[in-house]
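The values are calculated or read from the model by the stated rules, or taken from the named source; none is laboratory data. Here the structure is a predicted model, which means the values were calculated and not measured. Heads up, the Cβs are rebuilt from the backbone with ideal geometry, glycines too, and the neighbour counts pull from every protein chain shown.
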Amino acid sequence: MSLELINVYKSYPMISGRKVVLSGANGHISRGEKIGILGRNGSGKSTLVRMFAGVEAPTKGRIKCSMSISWPIGVSAGVKPTLTGEENARFIARLYGRNEKRTVEFVESFAELEEYLRMPIMTYSSGMRSRLSLSISLAVDFDCYLVDEALAVGDTRFGRAFAERIERSGLILVSHSPALVRRLCTRAAVLDQGNLTFYDDLDEALATYNAL
């Protein structure tokens, strides 16, 4: 099971011309791998996240996926803002055929939202939304978790619990932070000016990115 990019091109029109996100990208991410995708602001990381999630299609080429991948975590995706945290957990549980009661119990203990779990998502801070989204996705138990850099996983109880949970799962972390990628990933790729280059050596990837 894997995610594979086969000669993938992605661009979209802008006033000044076309913005090129990917120019003939090829790469392979196996089930269970923990890989970081590094890119500066404006490099197209958000577009890449949407493509990995299947929300956006390539302009040309193919993305083949034979493993289950979470919705993008850290960008408030995967939840309905007018519903409460608990209602969102129940909705996702029904959607993926999971036990509702166990799903809510897991989210309640993991997300650390306390009384906010019974309040609408629109009342949450961005960090609370990220914790809810991640907690619900961990309850579903995907093969690979697609995590945006907006998710804070520092040295907190939540951060440590997250790191422990992904030990037995795959991770695609899209970030501009070399420190976060080094902490959570074993391999990395660098997105720069439309080129997505995969490195088997994490140190080489970080050195390349830092030199940009």
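Numbers at a glance
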| read-out | value |
| --- | --- |
| Residue tally, condition modelled with pLDDT under 90 and in contact with a Phe, Trp or Tyr (Cβ under 9 Å, 6 or more places away or on another chain), over the stretch 80-95 | 2 |
| Residue in the stretch 205-212 that is within 22 Å of ALA25 (Cβ to Cβ) and modelled with pLDDT under 90 present | yes |
| Filtered residue count, the stretch 91-109, keeping only those that are closer than 17 Å to ARG129 by Cβ and charged (D, E, K, R) | 1 |
| Any helices (runs of 4 or more DSSP H) falling wholly within the stretch 102-212 and containing at least 3 residues that are more than 16 Å from the chain's Cα centre (by Cα) and within 25 Å of VAL8 (Cβ to Cβ) | 202-210 |
| Subset of the stretch 36-49 that is under 11 Å from the mean Cα position of the chain (by Cα) and crowded, with 22+ Cβ neighbours inside 10 Å - its residue that is farthest from ILE63 (Cα to Cα) | GLY36 |
